[in-house]
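Here the structure is laid out as C-alpha cells; the discussion comes afterwards.
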Amino acid sequence: MNPRKTSRRLYSSMLMVMAGFVLYVLYANFIHDPQAGEFLSHKENPKRTVPVSAWLNVMYVHVIFACIAMVGGAMNFSNTVLQKYRRFHRANGYVYVASVMVVVLTSGYMAPYATGGKLTSVPFNLLNIIWPAITVIAILKIKKKQIHQHRQWMARSYAFCFTNLFIHLFAAVFHSGFGLAYKTSYVIGVYSAILSLFLLAEIVVRTVFREPPPQLGDVTAR
Ligand code: HEM
C-alpha cells in the first residue's frame, strides 16, 4: 500500500463527508427547520426553559461559524495549500481559530439548556475549554516553527468539528436502532462523540501524520 496514496484518499473522503455535512446542516437549520422545532421539542427541563428567540439567534451564529471552521480547517490540511499558498494558509488558519472561539462561546450559552441537563452540559463545557486549548497549542507550535507538531495538534483540533455529526450519528443508532428514549440516546451520543473523536484524532496523528509533511521538514523539532 502506498502511504501517500492512502493519505490522499482519506483526505478526499474526509472532504466529501465534511462538504455533505455542511450542506446538510445549512439546509436543516436555515431552510428545513429554521425554528429548530424538532430539536427543541425534546427539551423538557422545567428548571431551564429555553429562551427560544435568543437561543435560535445564538444557534444560527454557532452553525455559521461551525461551517466556516469545518470548510476552512479542511482546506488547510491540503499539501498544495501548505506549499503553494502559504499566505492563504496563514490567513485561513486565523479565520479557523476565530471561528473555533465563536463556536465555543455560543456553545457556552447553549450548554445550560442542553438536552439531557447537567449530564450533557458538563461534557459540553469541558469541550468548551479543551477545544480552544488544543487549538491554541497548535498555534504556539507554529510560532515555534514546529510544523510537524503544528499539523498534529491541528488534526486534534479539527476532529472536534465533527462533534455535531457524531452526536447525531450515535444518537440515531441508540434511538432508532436500539429503541432507547431520545434523551438517553442524545446523552450517550454526546459522550460517545467526544471520546471517539479524541481516539480518532490520536489514530490519525499516529498513522497518517506520523511523519513530517512532505518537502517541509521540521525546522526545530526532533
Ligand atoms: C463544528 C461543527 C459543529 C456544528 C456543525 C454544530 C452544529 C450545531 C447545531 C446545528 C446545533 C443545534 C442542535 C442540533 O441540531 O444539533 C448545535 C447545538 C449545540 N452545539 Fe454545536 N456544532 C458544532 C460543534 C460544536 C462543538 C465543538 C461544541 C462544544 C464545544 C458544540 C456545542 C453545542 C451545544 C452545547 C449545543 C446545544 C445542544 C443542546 O441544546 O442540546 N457544538 N450545534
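The values are calculated or read from the model by the stated rules, or taken from the named source; none is laboratory data. None of these values were measured; they are calculated from a predicted model. Counting neighbours? That spans all protein chains shown, and the Cβs are built from the backbone with ideal geometry, glycine included.
Annotation: PRO46 fulfils all but one of (1) more than 9 Å from the ligand (Cβ to nearest atom); (2) in a helix (DSSP H, G or I); the unmet one is (2). Taken over segment 99-125, residues that are in a helix (DSSP H, G or I) and in contact (Cβ under 8 Å) with a residue 24 or more places away in the chain amount to 16.
Exactly one residue among ILE142, ILE137, ILE129 is on the phi < 0 side of the Ramachandran plot and either modelled with pLDDT under 95 or touching a His at 6+ places or on another chain (Cβ under 7 Å) (or both), and that residue is ILE142.
Among residues of segment 40-67 that are without any contact (Cβ under 8 Å) to a residue 12 or more places away in the chain, none has a beta-carbon under 7 Å from a residue that is among the basic types (Lys, Arg) and near the ligand (Cβ under 10 Å from one of its atoms) at least six positions away or on a different chain.
Okay, residues lined up against (1) closer than 27 Å to ALA181 by Cα; (2) of a type in the set (Gly, Ala, Ser); (3) in contact with a Phe, Trp or Tyr (Cβ under 7 Å, 6 or more places away or on another chain):
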position: SER7; (1), (2), (3): no, yes, no
position: VAL17; (1), (2), (3): no, no, no
position: PHE21; (1), (2), (3): yes, no, no
position: SER41; (1), (2), (3): yes, yes, no
position: TRP55; (1), (2), (3): yes, no, yes
position: GLY72; (1), (2), (3): no, yes, yes
position: LEU82; (1), (2), (3): no, no, no
position: ASN92; (1), (2), (3): no, no, no
position: GLY116; (1), (2), (3): yes, yes, yes
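ILE31 passes every criterion in (1) within 11 Å of the ligand (Cβ to nearest atom); (2) among the hydrophobic types (A, V, I, L, M, F, W, C); (3) in a helix (DSSP H, G or I) apart from (1). Checking each residue in segment 60-104 for being more than 16 Å from the ligand (Cβ to nearest atom), more than 25 Å from SER13 (Cβ to Cβ) and hydrophobic (A, V, I, L, M, F, W, C) picks out only ALA91. Does TYR158 qualify as being surrounded by 22 or more Cβ atoms within 10 Å (Cβ to Cβ) and either within 16 Å of ARG90 (Cα to Cα) or not aliphatic (A, V, I, L, M) (or both)? Here the answer is yes, as TYR158 does meet what is asked.
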